[in-house]
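Worksheet: one structure, shown below.
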Amino acid sequence: LKLSVQTVSRAYEELIRRGLISGEVGRGSFVQTQRREPEPPYIPERLGEVIDLSILKPVCEPMHLEKLKQALGWLSENLPASSALSFRPNMVFPRHRAVAVEWLKLCGLDASPQNISLTNGATAGMTVALMSVAPPGSTVATEAIGHHTLIPLARYLGFNLEGLPIDGNGLIPEALDEACRLSDIRAVFVQPSVINPTATLMDAARREQIAAVARKHDIAIIENDVLGPLVEGRPPAVAAFAPERTLYVTSFTKIVVPGLRIGYLAVPDRYVAAVANRHLVSNWMATPMVAEIATRWVNDGTALELVNWQRGALRRRQEIAAEVLTGVDYRCHRDGLHLWLELPGDRAEESFVAQARLRGVAIAPGTSFRIADTSWHPAIRISLGSTTEGELRAGLSVVAKLLLGDPEHLLLAI
């Protein structure tokens, strides 16, 4: 066929990504009879001596565990009966919602208690929001490179996902406008504040334009803003420009401590009943005892203290990355949890990820975040908070050596 090994490798990678074939070391490649379940971009569990830069998590120190232990000790002495002996959500959460109002003000939202649902983290909030605005068979627009969970969610919930063009400022408003004219778009899902894979911070003008397009076509906006107060000096939330149609999702998991798996979903009046019903059937309610800790930490300042600490820790790690990856072109934000690195043109993504893994470093393949079936540039996502500073430096050094060395194709992928 007069094709290079690199071209054939990429063809196999694309077939695997689409779930059309599977490859097994030592056995070969097999045509799939049905689509495989999508694989997460991170390794399911940390194995042996692997430096795990694949999973997106905040920096954690012994201090975080100690604060959680103290909170659990306080909870053991002050646990309300309603949080332990009841499972009627409308009896448990009114005071939690009142505190949520104050936290959402830090996120730039002016929300009413009755418009807030407490969720078991951002993923639960996303799921409920999508169930509320995107019935089976409808279409949701989002960034071409977006949230990896959206892909399986679209399949499980039965809606279509349309990935739209992006630039260095995020989702392009004109692309959304055209998609709304040509397709029956019911909602747009955006991640405007650094949490998106490309580490983009959408400016205020672009946020206002996205809101204007959504209003023009009367579609809902789902805003995933899980970094919330962590991103210093960020523009107003998209919800601030279109409060009447934005379902706003945030949580504590990525900015305070992973074990505090609780989040807030703030919605306009028109979606309150739909969100309450879908939250009831999918989660029933957020875990009350975790909600108690989050409420206490917001009240006594612990949550904001840990956010401020996290910001400083991430900035130090961004400095480490800049030092180790000198001469390497990548995207980042000083308050972000990760880097987005497009591979040189001669590098196959699956091969690069596999070569890093063979050297003891796990990184996330960019195809896990690929939503649009358009031309694709191989890329990787590198988490900065998932390990110690020493291991981060060592892992980044492995990536740098792979980038600067001669490309080595992983023949086992064929």
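Structure notes:
- Qualifying residue in the stretch 333-347 (condition: crowded, with 18+ Cβ neighbours inside 10 Å and touching a Ser or Thr at 6+ places or on another chain (Cβ under 6 Å)): yes
- Check on A266, modelled with pLDDT of 95 or more and more than 30 Å from P62 (Cα to Cα): yes
- Selection status of P62, farther than 25 Å from Q191 by Cβ and either at pLDDT below 95 or under 23 Å from the mean Cα position of the chain (by Cα) (or both): no
- Of the strands (runs of 3 or more DSSP E) entirely within the stretch 102-190, those holding at least 3 residues that are over 24 Å from E232 (Cβ atoms) and not hydrophobic (A, V, I, L, M, F, W, C) occupy 160-164.
- Residue count for the stretch 248-297 under the criterion of being in contact with a Leu (Cβ under 7 Å, 6 or more places away or on another chain), among the β-branched types (V, I, T) and more than 18 Å from G228 (Cβ to Cβ): the result is 1.
- Scanning the stretch 232-246 for residues that are basic (K, R) and in contact with a Pro (Cβ under 7 Å, 6 or more places away or on another chain) yields one hit, R245.
- Any hit, the stretch 51-66, residues being surrounded by 12 or more Cβ atoms within 10 Å (Cβ to Cβ), among the polar types (S, T, N, Q) and touching a Pro at 6+ places or on another chain (Cβ under 7 Å): yes
- From the options L164, L150, residue that is crowded, with 21+ Cβ neighbours inside 10 Å and within 23 Å of K254 (Cα to Cα): L150
The values are calculated or read from the model by the stated rules, or taken from the named source; none is laboratory data. As the structure is a computational prediction, the values presented were derived from the model and not from experiment. With ideal geometry, Cβ positions are generated from the backbone for all residues, glycine too; neighbour counts draw on all protein chains shown.
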